[in-house]
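Reviewing the structure listed below.
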Amino acid sequence: MDKKDEARKRRPHIGRLLLGVGSLLLGILFVPLPVPLGWLFLMIGVSLVAVEIAWVGHFVRWSRSRWHWGDRRLRQLHPISPSLVKEFLESTDPHI
């Protein structure tokens, strides 16, 4: 592998970041709805951003250990989440 390939792997994927930020914004808009659609969009967005920016995952783990009401809500979303979000929820679970 040459230096150019290594630099490309370390560089964040702009498309994934934009998709993650867009999902975060949609999630913020949809959170007041009675269905968990807003929370689902938020988790998809955070999952996509956390893949590219490691401190986001550390922050989510810390937040889940500190605010138990949010952790309970995320545990409720686990069964209906896409596989990317399920993996993210499992990797940031403070109880494991």
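Above 23 Å, the calculated P(r) of the chain contains 27 percent of its Cα-Cα pairs. For the chain, modelled as a Gaussian network with Cα springs under 10 Å, which listed residue fluctuates most, VAL49, VAL31, VAL60? Of VAL49, VAL31, VAL60, the most mobile in the Gaussian network model is VAL31.
Taking the Cα centre of the chain as origin and assigning +1 to Lys and Arg Cβ atoms and -1 to Asp and Glu Cβ atoms, the resulting dipole is close to 140 debye.
Since every read-out is calculated from the coordinates, none of them should be taken as a lab result. These numbers come from a predicted model, not from an experiment. Counting neighbours? That spans all protein chains shown, and the Cβs are built from the backbone with ideal geometry, glycine included.
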